[in-house]
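Colleague: Would you mind keeping the following structure in view while I ask a few things?
The values are calculated or read from the model by the stated rules, or taken from the named source; none is laboratory data. Given the structure is predicted, the values throughout are model-derived calculations rather than measurements. Please note: Cβ atoms are built from the backbone with ideal geometry, for glycine as well, and neighbour counts cover all protein chains shown.
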Amino acid sequence: MESFTEIASFLWGIADLIRDSFKRGKYQDVILPLTVLRRIDCVLAPTRLQVRETHERLRGKLENLDPALRQASGYAFYNTSRFDFAALLGDAPNLAANLRAYIAGFSENMRDVLEKFGFDNTITLLENADLLFLVMERFKQADLHPDKITNLQMGYIFEELIRRFNEALDENPGEHFTPREVIRLMVSLLLAEDTSTLHTGHLVRNIYDPCCGTGGMLTAAKERLHELNPESEVYLYGQEVNPETFAVCKSDLYMKSADGRDADNIKFGSTLAHDQFADDRFDYLLANPPYGKDWKRDQAAVLAEAAKPGGRFGAGTPRISDGQLLFLEHMLARMQPWERGGSRVAIVMNGSPLFTGDAGSGESEIRRWILEQDWLEAIIALPEQLFYNTGIATYIWVLTNHKAPARRGKVQLINATDLWTPMRRSRGEKRREIVEGQIAEIVRLFLAGEQDDARAKVFATTDFGYRKITVERPLRLNFAVSAERLARLREHPAFVALATSRKQNAQERAAEEAGGHALQARILAMLATLGATRYLSRAQFEQDLERASRAASLKLAAPVVKAITAALAERDESAEVCRDAKGRAEADPDLRDTENVPLGEDAHAYLAREVTPHVADAWLNEEKRDPQDGGVGVVGYEINFNRYFYQYTPPRPLEQIEGEIRALESEILAMLREVAG
């Protein structure tokens, strides 16, 4: 078992032992915690005796043994029990009790991590099924010592196992582990413009991932910073809501450093509802949030914070079905202030945050806030089929609050969808990868900044904005008394209500309803006096209606008059424009339309150029104004990536298509002759 894929396959194969006793959804309850335990067992093997000797020697002499035991272990955690995997298997009759004692022998910080697996119940289930010894024996065959399996490879193993769990059950469709080459690209983009300063002298940097999963992004960023500057002090911070991946991440970080500081900075819980780094600011922030996953569980907390001045989500909240942009808002709220050097952010999302939501929607308002703050530096479109359990298109957003002068007021779009290499062997939905040369090309395009070619284009931040104006057209109605229109009047609620009583007393109710029916009949008789006249003027119709009502001694309430007018009216392009009491033309709601006017262009000029030449009586509704700047129309922002990189491909000539059809016909006829012959 030389490669991490072989190790992962070996560990996944343990499912064959338990498939008759555990459902597929429970495989990870066995395999994941035991993989972590086996890795820890191998890591602690060289100092196990030294820890036990130190514990025996100092027990009862020191109040706090923790520092001495950490020093003896060489890590920020340890195990004081007399067991390892070999000793556990050597006492098969007492394996379950000894395994629990082994877990209880860990230092408190590691026990807190292991508890997230809920493994105690799994031990009972394995023991009751007579599988505990067989499973433990199989795990002992996997040598996961760091000399054999590096930390990087171990990270791959954990991610491969979790990928297989999710793939087998089709669970967590919005959660996609980030392939390592995508992480390398994100880290390269994150650090690209700071490379010169990162090389020099001693520096301290902190890196944060609000949905850190198994910690792959954090560790890759730290490794890259150490490559650039071996003297740098790099501290990692992260939060994760999934208990299993949290436990994998934290235990892995405990095994990567002696002081355990990075592991201590990984917190459990929902970042959106329970931010555990509210008072912290970070130099570099990167994340791969869940795609298209709802945030109902966090809704109350998110909306409450959105309503607070200065809250993380004050710019807006997206639709409840997709919380990607909430994570981006959160990350931007955790940037270092510009005065302290600012921060850089890299986040990978699907296409939805680019364009979902109309002007004034939560998504549009978040994009508006980002672009008006001039924080968006670049967006890179990635190839499809890069991720393990989805083939969808993805995009890396690069943001900063300390743009270089040449980039201010601008956004770079990079189309890297064709920069990929086919994999020799697919892994789930992942059939493509980005190799080092392609990563370097994307970073080169990014650093070029002003480059404008088939792959990279630069736009002003305002190029993505528009004003959604409302275009009105006048209401034109004719009025007539006809059988069809009178039928509409009889069904109108206000007319029906004339003969509807709510009296509790039956006699009173009958009397009132009889009077209502009589009134309805009088109204219909009055309308008949208007004859077959077809009115093209509402004003004239209303005058004649009022005159006929007086002649019939009817005093009609306003709702009834409104019902008559509505029932007897029909739209008519040849009719006069309907006007209000001040003589202003009334708008026809059925003819109302909207137009998106580019920011910076006068709405009236746009209307005169694009609308009135085709619809002469249209006008701009000036009452529809943006709540922020008060301008006519509601401001919206969208980034339609495909529009900017669209390349027209003309259809093939008809002659060529006809020739292909004739060739196919000949082939089919030849095949039929063979069958018939």
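Colleague: Identify, from the list 638, 595, 655, 586, the residue that is surrounded by 10 or more Cβ atoms within 10 Å (Cβ to Cβ) and farther than 17 Å from residue 358 by Cβ.
Modeller: Matching residue, one of 638, 595, 655, 586: 586.
Colleague: Sort through 434, 442 and tell me the only one that's buried (at least 20 other Cβ atoms within 10 Å of the Cβ) and in contact with an Asp or Glu (Cβ under 6 Å, 6 or more places away or on another chain).
Modeller: Result of the check over 434, 442: 434.
Colleague: Being at pLDDT 95 or above and in a helix (DSSP H, G or I) narrows it down to one residue among 346, 300, 315; which is it?
Modeller: After applying the criteria, what remains is 300.
Colleague: Return the pairs, sorted by first residue and then second, in which the second residue is outside any loop (DSSP other than H, G, I, E, B) and hydrophobic (A, V, I, L, M, F, W, C), the first residue lies in the stretch 571-586 and is within 17 Å of residue 479 (Cβ to Cβ) and in contact (Cβ under 8 Å) with a residue 40 or more places away in the chain, the beta carbons are less than 7 Å apart, and the residues are 6+ apart or on different chains.
Modeller: From the stretch 571-586, the pairs are 571/477; 572/477; 575/477; 577/585; 578/477; 579/585.
Quick grid of which residues meet (1) touching a strand residue (DSSP E or B) at 6+ places or on another chain (Cβ under 9 Å); (2) of a type in the set (D, E, K, R):
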residue	(1), (2)
193	yes, yes
199	no, no
210	yes, no
232	yes, no
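Colleague: Of everything in the stretch 459-495, what is of a type in the set (D, E, K, R) and under 25 Å from residue 513 (Cβ atoms)? Give them in sequence order. Talk me through it step by step, then tell me what you get.
Modeller: Initially, the stretch 459-495 is screened for residues of a type in the set (D, E, K, R), giving 463, 467-468, 472-473, 476, 484-485, 488, 490-491.
Answer for the stretch 459-495, where residues must be of a type in the set (D, E, K, R) and under 25 Å from residue 513 (Cβ atoms): 485, 488, 490, 491.
Colleague: Output the number of the condition that residue 535 fails; it satisfies all remaining conditions of (1) hydroxyl-bearing (Ser, Thr, Tyr); (2) assigned by TED's automatic domain parsing to the domain that holds residue 441; (3) surrounded by 19 or more Cβ atoms within 10 Å (Cβ to Cβ).
Modeller: So the condition that residue 535 fails would be (2).
Okay, residues lined up against (1) assigned to a helix (DSSP H, G or I); (2) closer than 17 Å to residue 154 by Cα; (3) under 38 Å from the mean Cα position of the chain (by Cα); (4) not assigned by TED's automatic domain parsing to the domain that holds residue 148:
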| residue | (1), (2), (3), (4) |
| --- | --- |
| 31 | yes, yes, yes, no |
| 35 | yes, yes, yes, no |
| 42 | yes, yes, no, no |
| 47 | yes, no, no, no |
| 52 | yes, no, no, no |
| 56 | yes, no, no, no |
| 64 | no, no, no, no |
| 69 | yes, no, no, no |
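Colleague: Go through the stretch 621-634 residue by residue and tally those that are touching a residue at least 12 places away in the same chain (Cβ under 8 Å) and more than 19 Å from residue 465 (Cα to Cα).
Modeller: Final tally of qualifying residues: 1.
Colleague: Working only within the stretch 236-254, note down all residues that are surrounded by fewer than 22 Cβ atoms within 10 Å (Cβ to Cβ) and more than 20 Å from the chain's Cα centre (by Cα).
Modeller: Selection gives 243, 244.
Here is a yes/no grid of residues against (1) assigned to a helix (DSSP H, G or I); (2) modelled with pLDDT under 95; (3) over 30 Å from residue 364 (Cα atoms):
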site: 423; (1), (2), (3): no, yes, yes
site: 426; (1), (2), (3): no, yes, yes
site: 462; (1), (2), (3): yes, no, no
site: 489; (1), (2), (3): yes, no, yes
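Colleague: Could you check how many residues of the stretch 318-335 are part of a loop (DSSP other than H, G, I, E, B) and either closer than 22 Å to residue 207 by Cβ or not β-branched (Val, Ile, Thr) (or both)?
Modeller: Summing the residues that are part of a loop (DSSP other than H, G, I, E, B) and either closer than 22 Å to residue 207 by Cβ or not β-branched (Val, Ile, Thr) (or both) in the stretch 318-335 gives 6.
Colleague: Out of all the residues in the stretch 621-632, which are surrounded by 12 or more Cβ atoms within 10 Å (Cβ to Cβ) and either in the same structural domain as residue 416 (by TED's automatic domain parsing) or more than 30 Å from residue 395 (Cα to Cα) (or both)?
Modeller: Once the filter is applied, which keeps residues that are surrounded by 12 or more Cβ atoms within 10 Å (Cβ to Cβ) and either in the same structural domain as residue 416 (by TED's automatic domain parsing) or more than 30 Å from residue 395 (Cα to Cα) (or both), the stretch 621-632 yields 621, 622, 624, 625, 631, 632.
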